[in-house]
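Novice: If you scroll down you'll find the structure; I have some questions about it.
Values quoted throughout were computed directly from the atomic coordinates according to the rules given, and no laboratory measurement underlies them. Quick caveat, the model's predicted, so the values are computed rather than measured. Please note: Cβ atoms are built from the backbone with ideal geometry, for glycine as well, and neighbour counts cover all protein chains shown.
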Amino acid sequence: MKTLALLAVSICLVACAGAPNDEPPDCVAGYPSLSMSQLANRWYDDGTVKPPRTYSFELAGSFTVSDSVAPCPAGETCVWSGIVDNSGRVTLDEAAEQLTLVYDTPMQTSAGLSFPTTLSWGGDCGRARLREAETQRSFQVPTR
């Protein structure tokens, strides 16, 4: 029985290793160019940096950044939402692939939060990403 299993594995290794991969790669290089129509959406971080943060951009040039500093536990009722929201205006530098954020004042703050004034635009595999220079936190629009 062991000999038969080893023979099957050996045949598969030889057959699979010898064939070149003629299929196109899943990832197509590049990403959409920076424009308000590409930017207008809700952008989520990957959750590796706490607290979780989202950016929401509107076609008219406004934005909101939301930090979930103390999310309410599931199934409970909380008096305070635990979300720090700040808003403002965004301008695009398409050539530099950079966004400039100007916050409305007064701003809501919480210990440990920083509020970048620039975001870079980039991406890969046809998907755009925003990145905070200070934290290197990356944001994407979820795929549907």
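Novice: Being surrounded by fewer than 17 Cβ atoms within 10 Å (Cβ to Cβ) and in contact (Cβ under 8 Å) with a residue 40 or more places away in the chain is the filter here, so list the residues in the range 124-136 that pass it.
Specialist: Asp124, Cys125, Gly126, Arg127, Thr135
Novice: So, in the range 117-131, how many residues would count as being touching a Leu at 6+ places or on another chain (Cβ under 6 Å) and assigned to a strand (DSSP E or B)?
Specialist: 3
Novice: For the range 99-130, which positions are within 18 Å of the chain's Cα centre (by Cα), more than 14 Å from Tyr31 (Cα to Cα) and not aliphatic (A, V, I, L, M)?
Specialist: Thr100, Ser114, Phe115, Pro116, Thr117, Thr118, listed by residue number.
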